[in-house]
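The values are calculated or read from the model by the stated rules, or taken from the named source; none is laboratory data. These figures come from a predicted structure and were not determined experimentally. Here Cβ is always computed from backbone atoms with ideal geometry, including for glycine, and neighbour counts include all displayed protein chains.
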Amino acid sequence: MSCPICSKQTIKAFRPFCSKRCADVDLGKWLTGSYAVPSDDPDDIEAALEEAERTGASAPPKAP
Ligand SMILES: [Zn+2]
């Protein structure tokens, strides 16, 4: 088996990589990849906040 990052021979301790450095490189790829895919849509959050504000404004607290 060869390292998917640099194609060198893998070392048992770092399988499937050849070294911690390559394992870190792969981890970095995963992290940047997950950042590229937004988990929540900012537009949706803003719309939801606006909606909540509107519903709150439509029912104002009545002063005694
Ligand atoms: Zn490597």
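Below are the figures for this structure:
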{"quantity": "Options Ala52, Ala57, Ala23: the member that is modelled with pLDDT of 85 or more and of a type in the set (Gly, Ala, Ser)", "calculated": "Ala23"}
{"quantity": "Cβ-Cβ under 8 Å pairs, at least 6 apart or on other chains, region 1-13 side at positive phi, far side near the ligand (Cβ under 6 Å from one of its atoms) and not in a loop (DSSP other than H, G, I, E, B)", "calculated": "none"}
{"quantity": "Flag for Ile5 being surrounded by 10 or more Cβ atoms within 10 Å (Cβ to Cβ) and either at pLDDT below 90 or away from the ligand (no atom under 16 Å from the Cβ) (or both)", "calculated": "no"}
{"quantity": "Neighbours by Cβ (under 6 Å, 6+ apart or cross-chain): first from region 17-28, closer than 10 Å to Ile5 by Cα; second basic (Lys, Arg) and near the ligand (Cβ under 10 Å from one of its atoms)", "calculated": "Cys18/Lys8"}
{"quantity": "Any hit, region 33-45, residues being at pLDDT 75 or above and assigned to a helix (DSSP H, G or I)", "calculated": "no"}
